[in-house]
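Everything on this sheet refers to the single structure shown next.
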Amino acid sequence: MGLVNITIEGRPHKVEEGLTILEAARQCGYEIPSLCTFNHGECNEGSCRVCLVEATGARGLAASCVYPVAEGMEIVISSPKAAAARRTSVELLLSNHNVNCQQCGKSGTCELQNVARIVGAREGMFQGSKTPTTYDDASPSLVRDTSKCILCGRCVERCRNAHGNGVLGFENRGFMAKVGPAQDISFIESPCIMCGQCVTVCPTGALMPKSEIDKVDFARAQGKYMVVQTAPAVRAALGEEFGLPIGTAVTGKMAAALRRLGFDRVYDVDFGADLTIMEEANELLDRVRNGGVLPMLTSCSPGWVNYAETYYADLLPHVSSCKSPHQMQGAIIKSYFAQVHGLDPKNIFVVSIMPCTAKKSEKDRPQMEVDGIRDVDAVLTVRELGDLIKRSGMQFNRLPEEGFDYDIMGTATGAGVIFGVTGGVMEAALRTAYRVLEGKEHEAVRFEAVRGFNGIREATITMGGMDVRVAVASGMANAKVLLDQIRKGTSPYHFIEIMGCPGGCINGGGMPIVRHCFLPNEDVDIVDTYRQKRAAALYSEDERNTLRQSHNNPQIIELYDKFLEAPNSHRAHKLLHTTYEGHAAFRLADRDDEAIDV
Amino acid sequence: MAKLSGAAVAKVEEICDAHQGEKTPLIMILSDIQRTFGYVPLEVQEVVSQRTGISVAEIYGVVTFYSFFSLTPKGKHVIGCCLGTACYVKDAQKVIDRFCEDLGIQPGETTEDRMFTIDALRCIGACAAAPAVTIDGKVYARVDVQQVPGIIAEYRGEEVVA
Amino acid sequence: MTYTASEELRRDIERFKDELNSKFTGEDGKKYLVLCGGTGCMAGGTPDLREAAQGLIDKEQMQESIEVRQVGCFGMCSEGPFVRVYPDDVLYRLVRPEDIRDIFYEHLMGGEVVERLVYEDPKTGERHTRMQDIPFYRKQRRVALHGCGVIDPNKIEEALGYGGYQGLMNALEMDPQEVIDTILASGLRGRGGGGFPTGRKWQFAHDQQSDEKYVVCNGDEGDPGAFMDRSMLEDNPLSVVEGMAIAGYAIGAREGYFYIRAEYPIAVARVNAIIRQAEELGLLGDDILGTGFSFHAHVRLGAGAFVCGEETALLNSIMGKRGMPRPRPPFPAVSGLWGKPTIVNNVETLATVPYILREGLESFVCHGTERSTGTKVFCLGGKVNNVGLVEIPMGVTLRELIYDIGGGIQHDKEFKAIQTGGPSGGCLTAEDLDTPIDFDNMVEKGSMMGSGGAIVMDEDNCMVDVAKFYMGFICDESCGKCSPCRIGTKRMMEILDRITAGRGTHRDFDELEAIGEACKTNSLCALGQTAANPILSTIAHFRDEYLAHIDEHSCPAGICRDLIEYRIIADKCRMCSACARVCPVFAIDGQAGKTVFTIDTEKCIKCGSCLSACRFDAIVKE
Ligand SMILES: Cc1cc2nc3c(=O)[nH]c(=O)nc-3n(C[C@H](O)[C@H](O)[C@H](O)COP(=O)(O)O)c2cc1C
Ligand code: SF4
Ligand code: SF4
Ligand code: SF4
Ligand code: SF4
Ligand code: SF4
Ligand code: SF4
Ligand code: SF4
Ligand code: SF4
Ligand code: FES
Ligand code: FES
Ligand code: FES
């Protein structure tokens, strides 16, 4: 593409042809107040009308987020006319908004709040009635409060881009327009997989994870024995809640913070991940050797499991029966750990800190208990943990670096860490499978072919005289391609890793919000690069680890020796494996009994 | 899932298949369904979704965008009151208000006995006959509020006889 | 039969022409009863007339010498239903089924004109037997409406015999660029409302390199009070198809889409039928008339959303989506249907195109003004005597339109305003009566040409209520995509609700202006950008009326419900109980013949039924 000459605020600039005014302005060092735009048009194109500027050639004012630059264009951001127009757009939005920032979970990261201040929105302008709203907190994972929705459409696009057949859509029109699952039903009645992708892009408090902080407080007040476990991806992002650059690993401070929050034990789910690999790799080898159902599909992402149960019930026999790492670890805490420490499992309260909203639902699945004891009692997102830490008064950035508790589940390998990024489970499994089949460790340790952010990646690895074909997909739109192959009987693979969120858990619905505009760190490309940065934090932790294969984790070996006997043993099955059940996409309880006929 | 009869499912699928050659058939499919069933409930949208691969959310979005589609069944008789400008300036509002009052429903709604639906229309091309009302396609010209009870009785009466 | 060369078609067209002509001249020895099949007359009883006429023909066994024909709207709908008798060319109006007998026996059999059914000019008392002598028709010129009300729209032979396809055949002998140059030279501006030069639009699309291009005919006609596009589609669908094909040839498109609102089932059926007939004759399809030009036309239905008249929303609707507009650029001429270059033209625009290519530039530009050439079809409605469809050369004044063509205000009331441009337009008042109608003048006077709705209002119309009517319409029809329009129109509606309920304040003017301005500058599409026009224009011309509502809590025209009360004047009441019997909410009390009746104003819902029921003028609205 060629370059075009434009002026911004009277000064000449050369920018690439085809850019929007907003993109061009950012490159030239201007930030135009904007609200609905997201990730190169992953939104309801030009709908909020906040980003208006004067631009020659445009009729009236130009919405800078969608209006392309052209040769000779003169752009004025600061003219009174444009400033007033931007302010009125925001004021109109606020007149139909349930403004209660002080009590709103989005406050501080809310783009509406931010932009309202910048454009100088005045209080109480254009008062009038409000669009009838829906508040849905029926699901364990998500809360939808349309009184905060500005109809930017980001969630609609994100859900569709991530999962193909999106769950969210616009409904009605005009002042009655809304965004939500069809017919305004609850998320739990819809085919939503609870991944929370929509939550991560919502500029306001309209879509939020459901908080379980109260549950944790209550358990603590009751004097429960509190055990916390953190997922791999958490360390790569928690720092963002405290103003640290994206991609700063904060493992040590996190452990310190959790201990100071009063948890009796602080563990890393990386151990559970290693355990998962032991079970999963052996399940795979068992299937391969004994003619079991292939390809085998991973099961550690509850978002994906929800999708399989909704749309691919016929393929459920392909899904590994392994529970996800934190559920496995929870089950071990309430059995072996309790036994060793002489604790009553009923008195132990296990909290998982997760990058994920789907895990909140997962822990409530009826299958996730052993002999009436729930594996995990509460799931907090990274943001909730951030809130807890802030509430406690700790100055996170000044905390010392501490380690996780070391007994029983204290050691983890690099294989467990990389679970947090797409391809990580596959790579960890390959490391162990290689060892089993070849009798030695893979030399390079890394399996580059399964890394990266391409939607679908595949590799063939020769081990034990056998070509093992694997594939990796994240986001259901990509997974669908591989699943349809299986359905048609044309899938060439032995093993497929599927993750609910595009990019894996480092992009999960419970991760800190990556703001799109007015970024503190001046990183204009952040929306394109934050996943790489978080992933890099995990890969480098893997590289630094002396233990990089799950089967080399001494505490895993000890666990099998002392308690579980062997992978896929009877006891391992009882504690660490689960079952699935297909269901209809729409689960409306109160459907009309009247039959619909022609 | 829904209580769609087998025949109904087959009909919906038949309608979907009839538009298979089209690049973007959704609205045509929905129009045919609206005409055949008199409405497009969520259950039917699910079948369309399965058949066409278009998400239910998107279908629902389309159904609720266009006033031609309805989520609930329409009444046996659809009273279309023109509220186009030419009719409005000739007191059409009073006419529709009276229909609403007498039938106890709002525009767009259907009476409980599923006899009548009142729709507000925009210019039916009979401006010379303003205010105009159409019932099941028949146009009533220069309707006066006072005629309303009579018109309703006309359709009610027909029911009693039948 | 399929035509594979223009010569074949031209030869047959001569035959069709003769056949059609003989239906007017009587050369075939027959007499014709021509009925208006437009919606107005159909509602008024055309089907009954037809049945009565056919009955008589059958009874008298005159099938060989008398024939009934049904054509499209004659235009002067308020005088319908019509019967026109050929070859004598006599127009009967306000015909009832029982009148058919007289027409049949006296005129057709007896040769005597039935005087009482002939149009009489209410002003001069003059009788006009011929349509073209009636003042309503005298100032009109039929360009876009060519053939409407003359030919039987279901028969392609009649359309072909009446000039159909000659424009296309001429175009096919030219270069596409020459066609565009002709349209450019004609000065034709889009009749869909915006008035964008059609030739320029075509040139953009022509200049795009693309394997596929599309022509779309905008037949959504959402203006609530207008039906001219529908008339063209119903009454001479071939001319619109022809216009579309010419556009296709000019820009290099092989596919065209008609987007017609679902509320127009007859138009849809007629267009579909004419496409099918044209395909059978080889007038549409591959290698039309052996010229190598291929063109296919399809019909898509609108499903009840005014905003789908906006071109990008329309394209989304054709593509099976919610009809929400999208930002431009890219303009449809660059990226339209399925991302391909697409032109969207209004029905009337396309119906005008064949005329230009058939009759030549001169006979088009001789009509109209310098910057607005040709003619414009209006749907004249409201409080004028002659309500209907009119096509006038640009430059005719509003006075001529309302008084000469429209026959003046009904019941000799006072003219107050004429609203043009529909919900995007504004009001023109007595001051503007001598303004020549053209695109630029209308805008200058604070309204716009729009698609052609022209609603006349008299002293009984409340202008605040009219503004509220349009705002209510816009609120219902806003797609809800962008915030200024979605929320702003609702806020303006709320303010108007307040004012018409007597709860307005002077600050409301400021707020209306602020929101109106925001809608104009901030909205994504023209629906929102023009939403405030009806309000701003009524405030400009009728501020007094607003002030009466605000300061005096009264509605001078007696329209706004919350500001009026129905009352029975005791002295005048004859205790007949007629009012009580019609009251839907039993708000009227009294004993027939014994007590004077009274209205319980708490209960009264102000439906006005009692007022029209009382035969003794005892009920007043104040
Ligand atoms: C809200 C809105 C409604 C419109 N409705 C119509 C319509 O019903 N018919 C029409 O031809 N143009 C309508 N238009 C104008 C079209 O967008 C477009 O300009 C026109 O079809 C172009 O055709 P023309 O150049 O031949 O006039 C509408 C525009 C807007 C903004
Ligand atoms: S969504 Fe944003 S603006 Fe709205 S209440 Fe929450 S923080 Fe405030
Ligand atoms: S931000 Fe303003 S309104 Fe909110 S708490 Fe602080 S001072 Fe009060
Ligand atoms: S949680 Fe995931 S599946 Fe559910 S609506 Fe949001 S993005 Fe879609
Ligand atoms: S829920 Fe959030 S992301 Fe979705 S449209 Fe509303 S404001 Fe935008
Ligand atoms: S990819 Fe990770 S964050 Fe996303 S749903 Fe799966 S487990 Fe949760
Ligand atoms: S101006 Fe109105 S109709 Fe147009 S896009 Fe915005 S909300 Fe939709
Ligand atoms: S105006 Fe209508 S409601 Fe009021 S008294 Fe008269 S008939 Fe009854
Ligand atoms: S109709 Fe008139 S005269 Fe008769 S009771 Fe009513 S007010 Fe009196
Ligand atoms: S319209 Fe540009 S940011 Fe919303
Ligand atoms: S406005 Fe009612 S028929 Fe035209
Ligand atoms: S409908 Fe007959 S003249 Fe218009």
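In sequence order, region B:25-35 has phi-based couplings of x, 3, 5, 5, 4, 5, 4, 5, 5, 4, 5 Hz under the Karplus curve 6.51 cos²θ - 1.76 cosθ + 1.60, θ = phi - 60°, and Gly or Pro positions carry x. A DSSP coil position with no more than 12 other Cβ atoms inside 10 Å describes the following GluC sites (Glu not before Pro) in region A:99-158: A:123. When C and A come together, around 2500 square angstrom of accessible surface is lost from both chains combined, probe 1.4 Å. Counting only other chain Cβ atoms within 10 Å of each residue's Cβ, the peptide A:81-88 averages 3. Once the gyration tensor of the Cα atoms in region C:327-442 is diagonalised, the equivalent ellipsoid follows with semi-axes of 31, 19, 13 Å, ordered largest first.
Ordering A:282-290, C:283-291 by mean Cβ neighbour count within 10 Å, with the highest value first, yields C:283-291, A:282-290. At a threshold of 50 Å², the residues of region A:20-63 that become less accessible to a 1.4 Å probe in the full protein assembly than in their chain on its own are A:45, A:49. Sequentially through region C:608-622, phi angles give Karplus couplings (6.51, -1.76, 1.60; θ = phi - 60°) of x, 4, 5, 4, 7, 7, 6, 8, 10, 6, 8, 10, 10, 10, 8 Hz, Gly and Pro residues having no value and appearing as x.
Accessible surface area normalised per residue over region C:554-622 is 56 Å², counting heavy atoms of protein chains with a 1.4 Å rolling probe. Buried surface for the A/B pair, taken as the accessible area of each chain alone minus that of the pair with a 1.4 Å probe, is close to 2000 Å² in total. Scoring C:510-518, A:181-189, A:380-388 by mean Cβ neighbours within 10 Å over their residues and listing the highest first yields A:380-388, A:181-189, C:510-518.
Mean projected area of the convex hull spanned by the Cα atoms of region B:6-65, taken over all viewing directions: 3.6 nm².
Neighbouring Cβ atoms from other chains, within 10 Å of the Cβ of residues in B:27-38, number 3 on average. Counting only alpha carbon atoms, the long axis of helix A:424-438 and the longest principal axis of chain A meet at about 30°. How many angstrom lie between the C-alpha centres of region C:1-66 and region C:127-141? Taking the Cα centre of region C:127-141 as reference, the centre of region C:1-66 is 22 Å away. For q values of 0.25 Å⁻¹, compute log₁₀ I(q)/I(0) with the Debye formula on a Cα-only model of region C:463-551, without solvent. Treating every Cα as an identical point scatterer, log10 I(q)/I(0) equals -1.23.
Using all Cα-Cα distances in region C:375-458, what percent lands in each 5 angstrom bin from 0 up to the longest? All Cα pairs, binned at 5 Å, distribute as 3, 17, 31, 30, 15, 3, 0 percent. For chain C, a crude dipole built from +1 on the beta carbon of Lys and Arg and -1 on the beta carbon of Asp and Glu, taken about the Cα centre, is about 1560 debye to the nearest 20. Against the empirical curve 2.2 N^0.38 Å, the C-alpha radius of gyration of chain C lands at a ratio of 1.05.
I'd like to know which of C:161, C:206, C:306 lies farthest towards the positive end of the charge dipole of chain C, counting +1 on Cβ of Lys and Arg and -1 on Cβ of Asp and Glu. Selected residue: C:306. Annotation: extensible slack from residue A:364 through residue A:401 equals 10.0 nm (criterion: 0.36 nm per residue apart, minus Cα-Cα distance).
Applying a DSSP loop filter and a limit of 12 other Cβ atoms within 10 Å to the trypsin sites (Lys or Arg not before Pro) in region B:4-95 leaves B:23. The H on the amide N of residue C:298, modeled in the peptide plane, is under 5 Å from the matching H of C:256, C:257, C:258, each at least 5 residues off or on a different chain. At the listed q of 0.25 Å⁻¹, the Debye profile of region C:539-622, built from one uniform point per Cα, gives log10 I(q)/I(0) equal to -1.13. In region A:109-266, the C-alpha radius of gyration followed by the widest Cα-Cα span (Dmax) gives 19.0, 54 angstrom. Would you grab the residues whose amide H sits under 5 Å from the one on residue A:142? Only those 5+ places off in sequence or on another chain, please, with H modelled 1.01 Å from N. Hits under the 5 Å cutoff: A:210. Both radii come from the Cα set of region C:52-140: Rg as radius of gyration, Rh as Kirkwood radius; their ratio Rg/Rh reads 0.97.
Each pair of Cα atoms in region C:508-588 enters the Kirkwood radius, and Stokes-Einstein at 20 °C and 1.002 mPa s then converts it into a translational diffusion coefficient of 132 µm²/s. The accessible surface of chain A, taken with every protein chain in place and a 1.4 Å probe, is 49 percent carbon and sulfur.
When peptides C:338-346, C:138-146, C:496-504 are ranked by their average number of other Cβ atoms within 10 Å per residue, the highest-first order is C:338-346, C:138-146, C:496-504. For the protein assembly as shown, the alpha-carbon coordinates run over 118, 83, 74 Å along the three principal axes, in decreasing order.
The fraction of Cα-Cα pairs per 5 angstrom bin, counted from 0 for region C:234-391, comes to 2, 8, 14, 18, 19, 17, 13, 6, 2, 0, 0 percent, rounded to whole percents. Here the ratio of the Cα radius of gyration of region A:1-148 to 2.2 N^0.38 Å is 1.18. Accessible area ranking (1.4 Å probe, heavy atoms, ligands and nucleic acids excluded), largest first, for B:39, B:66: B:39, B:66. Of the GluC sites (Glu not before Pro) in region C:219-303, not one is in a loop by DSSP (not H, G, I, E or B) with at most 11 other beta carbons within 10 Å.
Listed by chain and number, the lysines whose C-alpha is less than 22 Å from the C-alpha of residue C:490, apart from same-chain residues fewer than 8 away, are A:130, A:148, A:178, C:468, C:481, C:520.
In this structure chain A gives 36 Å² per residue of accessible area when probed at 1.4 Å with all protein chains present. Cross-linked pairs C:416/C:445; A:359/B:3; B:94/C:416; B:90/C:621; B:138/C:30: Cα-Cα separations exceed 24 Å for A:359/B:3; B:138/C:30. Within the accessible surface of region C:156-365, defined with a 1.4 Å probe on protein heavy atoms only, the carbon and sulfur portion equals 49 percent. Once the partner protein chains are put back, region C:317-349 shows a loss of at least 10 square angstrom of accessible area, versus the chain by itself, at C:317, C:319, C:320, C:321, C:322, C:323, C:324, C:326, C:327, C:328, C:329, C:338 (probe 1.4 Å, ligands and nucleic acids excluded).
Take each residue of peptide B:114-125, count the partner chain Cβ atoms within 10 Å of its Cβ, and average: the result is 5.
Computed over protein heavy atoms with a 1.4 Å probe, the accessible surface of region C:257-329 works out to 29 Å² per residue.
For the pair region A:49-99 and region A:562-579, the centres of their Cα atoms are 61 angstrom apart. When you work out D = kT/(6 pi eta Rh) for chain A at 20 °C and 1.002 mPa s, using the Kirkwood radius from C-alpha pairs as Rh and the Stokes-Einstein form, the result is 85 µm²/s. Summing charges over neighbours of residue C:470, with a neighbour being any other residue whose Cβ is under 12 Å away from its Cβ, gives -2 when K and R count +1 and D and E count -1. Our coupling estimate for region C:21-28, obtained by passing each phi through the Karplus curve with A = 6.51, B = -1.76, C = 1.60 and θ = phi - 60°, is 4, 5, 6, 9, 8, x, 4, 7 Hz, Gly and Pro reported as x.
Under 13 Å from a label point set 7 Å out along the Cα-to-Cβ vector of residue A:215, the amide N atoms of region A:316-356 belong to A:349-354. Ligands, DNA and RNA left out, the accessible area of region C:20-133 computed with a 1.4 Å probe is 45% carbon and sulfur. Heavy atoms of chains B and C lose about 3900 Å² of accessible surface on contact, summed over both sides with a 1.4 Å probe. Less than 5 angstrom separates the built amide H of residue B:123 from those of B:83, B:84, B:85, C:225, all sequence-distant by 5 or more or on a different chain. Centre-to-centre, using Cα atoms only, region A:298-351 and region B:6-63 are separated by 39 Å.
The values are calculated or read from the model by the stated rules, or taken from the named source; none is laboratory data. A quick note: this is a predicted structure, and the numbers were derived from the prediction, not measured. Every residue, glycine as well, gets a Cβ built from its backbone with ideal geometry; the counts of neighbours run over all protein chains shown. Accessible surface areas use protein heavy atoms only, side chains included; no ligands, DNA or RNA. Shrake-Rupley method; radii C 1.70, N 1.55, O 1.52, S 1.80 Å.
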